[in-house]
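The values are calculated or read from the model by the stated rules, or taken from the named source; none is laboratory data. Given the structure is predicted, the values throughout are model-derived calculations rather than measurements. Glycine gets a Cβ as well: all are built from the backbone with ideal geometry, and neighbour counts include every protein chain shown.
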Amino acid sequence: MKICLNPQGTLGDIRPLLTLGIELKKAGHDIVVCSSPNFEKLFKSYGLEFCQVGSDYQKILKDTLGKPLKVLFDALQKDLIKQFDDLIDTVAKSDAELIIAAGVNSAAGSIAEYMNIPYRHVWYAPNIFRSNYHSPGFIPMQNLPKWMNRSIWWAYDRMVKNVFLNVLNGYRNKLGLNNIDNIVDFAGKDVIICADPIFAPIPPDVKQEYFQTGFWHLEENDELDSELEQFIEAGSPPIYIGFGSMTDPEPEKTRKMLQGVIDSKRFRFVISKGGAELSVDKANENVFFVNYAPHSKLFPRMAAVVHHGGAGTFFTAARSGVPQIIVPHLADNFYWCGKIAALKIGPKAINKFSLTSDKLLAAINEAVINSEFINNAKRIGKDLRKENGLQDAVDYINNLGAKRL
């Protein structure tokens, strides 16, 4: 089967579909990846055909984080038009028989409808679905009463409608497609939930059809850098700190916070520079900075993992069996905070904008001495390592192809 993969977003949105594309190609499918131009080298390094579609979301984050929401919404509106313009010709030329999208993608479903081919959208948390049991994905409050969730969904519907509906329907009209009335319900159609059910159970009031698998972990062949290995072996297991692709509107404040943490000399640290370009003014022997390290090889060697709460980092840390501390920035980051608390695999999250050295040190201390966190993380990690969500996804997609024959 000829399959078009169309992930849009940051690296966390991209990697699971890279993983899926590798496995689908091994299974004999013809794969073309349509994604942001900054990921072309990554996909091609795994032998996947690549076409540029949409914008560089790392740049969008850098240009909009910390600014009024209108700046972000304007950028996303422009990107939606670019997605349509870039994707429609690419899909037509590829003779795709199935489109699988992920992340910040609002065009692929309409293009699949126009071309009369099957479509699935991969989401990494079930709060894409309207439910009384949770708030929408971009809302920081995730443990509210049902009546409040209903009210927030009502407001969220109207916000999304005001920002995106005219742009989306305008392009659908050009394709001869009917208008849609509700973007939230449209986004919740034809969904694959790539998130282990132990952390992401689907609420009982969800009406849409879906298929759920465990998270899709990329088999990382890279080994840890020899200097990093030496640092890890030189003392007690370090604490990992990294905020993934997230940029930082207050870099000086973050630098001072990190400086206070490492100057305490209470723990050893591996700090990933990431999209925020984390740094300190003066390092010491207790910290090692990395530009890149394979998380699947690094996290099992850590005493705890401090991160932004992206789904990929969250599930890799969970699979590694170590306590986690989330410093949420946006979107599904807030959803995973609640799951850590519910399953008792780490202390309470600390919002990025209220993060201080003392708060982070206290949370780290709790993570590494609380036997309940440590034992629960080990037990859940062992269970997750027995699962193969990726193979479940490949089998599901194979069945989709069989139904078309």
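The table that follows gives values for the structure above.
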{"quantity": "Filter result for the condition that a residue is under 18 Å from the mean Cα position of the chain (by Cα) and either under 28 Å from ASN376 (Cα atoms) or not assigned by TED's automatic domain parsing to the domain that holds GLY309 (or both), over GLU220, GLU233", "calculated": "GLU220"}
{"quantity": "Sole residue being in contact (Cβ under 8 Å) with a residue 40 or more places away in the chain, touching a strand residue (DSSP E or B) at 6+ places or on another chain (Cβ under 8 Å) and in the same structural domain as ILE183 (by TED's automatic domain parsing), chosen from ILE81, ILE100", "calculated": "ILE100"}
{"quantity": "Flag if GLU23 is outside the structural domain of GLY275 (by TED's automatic domain parsing), of a type in the set (Asp, Glu) and in contact with a strand residue (DSSP E or B) (Cβ under 6 Å, 6 or more places away or on another chain)", "calculated": "no"}
{"quantity": "Residue check for LEU87: assigned to a helix (DSSP H, G or I), more than 14 Å from PHE164 (Cβ to Cβ), of a type in the set (A, V, I, L, M) and modelled with pLDDT under 90", "calculated": "yes"}
{"quantity": "Output for the stretch 129-160, where each listed residue is among the hydrophobic types (A, V, I, L, M, F, W, C) and either farther than 16 Å from GLY338 by Cα or in contact with a strand residue (DSSP E or B) (Cβ under 7 Å, 6 or more places away or on another chain) (or both)", "calculated": "PHE129, TRP147, MET148, ILE152, TRP153, TRP154, ALA155, MET159, VAL160"}
{"quantity": "Search result, residues across the stretch 9-50 that are within 21 Å of ILE81 (Cα to Cα) and of a type in the set (Gly, Ala, Ser)", "calculated": "GLY9, SER35, SER36"}
{"quantity": "Residue list for the stretch 96-105, restricted to those being surrounded by fewer than 22 Cβ atoms within 10 Å (Cβ to Cβ) and modelled with pLDDT under 85", "calculated": "VAL104"}
{"quantity": "ASN132 being in contact (Cβ under 8 Å) with a residue 12 or more places away in the chain and assigned to a loop (DSSP other than H, G, I, E, B)", "calculated": "yes"}
{"quantity": "Unmet criterion (only one of (1) part of a loop (DSSP other than H, G, I, E, B); (2) in contact with a His (Cβ under 9 Å, 6 or more places away or on another chain)) for GLY176", "calculated": "(2)"}
{"quantity": "Hits in the stretch 291-324 - residues which are polar (S, T, N, Q), surrounded by 24 or more Cβ atoms within 10 Å (Cβ to Cβ) and over 20 Å from ILE14 (Cβ atoms)", "calculated": "GLN324"}
{"quantity": "Filter result for SER279 (touching a residue at least 12 places away in the same chain (Cβ under 8 Å) and surrounded by fewer than 18 Cβ atoms within 10 Å (Cβ to Cβ))", "calculated": "yes"}
{"quantity": "Conditions (1) in contact with a His (Cβ under 7 Å, 6 or more places away or on another chain); (2) closer than 21 Å to GLU372 by Cα; (3) not acidic (Asp, Glu); number of the one not met by HIS329", "calculated": "(2)"}
{"quantity": "Cβ pairs under 7 Å, 6+ apart, first in the stretch 317-330 and over 17 Å from ILE241 (Cβ atoms), second of a type outside the set (A, V, I, L, M, F, W, C)", "calculated": "ALA318/GLY381; ARG319/HIS217; ARG319/GLY381; ARG319/ARG385; GLY321/PRO300; GLY321/LYS378; GLY321/GLY381; GLY321/LYS382"}
{"quantity": "Residues of the stretch 109-129 classified as assigned to a helix (DSSP H, G or I) and either in contact (Cβ under 8 Å) with a residue 24 or more places away in the chain or under 22 Å from GLY309 (Cα atoms) (or both), total", "calculated": "9"}
{"quantity": "In the stretch 99-158, the residues that are on the phi > 0 side of the Ramachandran plot and either of a type in the set (A, V, I, L, M, F, W, C) or touching a Phe, Trp or Tyr at 6+ places or on another chain (Cβ under 9 Å) (or both)", "calculated": "GLY103"}
{"quantity": "Strands (runs of 3 or more DSSP E) contained entirely in the stretch 267-329, each with at least 3 residues that are closer than 20 Å to GLU223 by Cβ", "calculated": "269-272, 287-290"}
{"quantity": "Whichever residue in the stretch 22-72 is aromatic (Phe, Trp, Tyr) and not in a helix (DSSP H, G or I) and, among such residues, is nearest to VAL104 (Cα to Cα)", "calculated": "PHE50"}
{"quantity": "Residue under evaluation ILE99, criteria (1) assigned to a loop (DSSP other than H, G, I, E, B); (2) closer than 25 Å to PHE315 by Cβ; (3) not polar (S, T, N, Q), criterion not met", "calculated": "(1)"}
{"quantity": "Condition met for VAL167 (surrounded by 16 or more Cβ atoms within 10 Å (Cβ to Cβ) and at pLDDT 90 or above)", "calculated": "no"}
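To keep it simple, each residue is scored yes or no on (1) in contact with a strand residue (DSSP E or B) (Cβ under 9 Å, 6 or more places away or on another chain); (2) outside the structural domain of ILE22 (by TED's automatic domain parsing); (3) of a type in the set (Val, Ile, Thr).
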{"site": "VAL305", "(1), (2), (3)": "yes, yes, yes"}
{"site": "PRO347", "(1), (2), (3)": "yes, yes, no"}
{"site": "LEU360", "(1), (2), (3)": "yes, yes, no"}
{"site": "LYS378", "(1), (2), (3)": "no, yes, no"}
{"site": "ASP392", "(1), (2), (3)": "yes, no, no"}
{"site": "ASP395", "(1), (2), (3)": "no, no, no"}
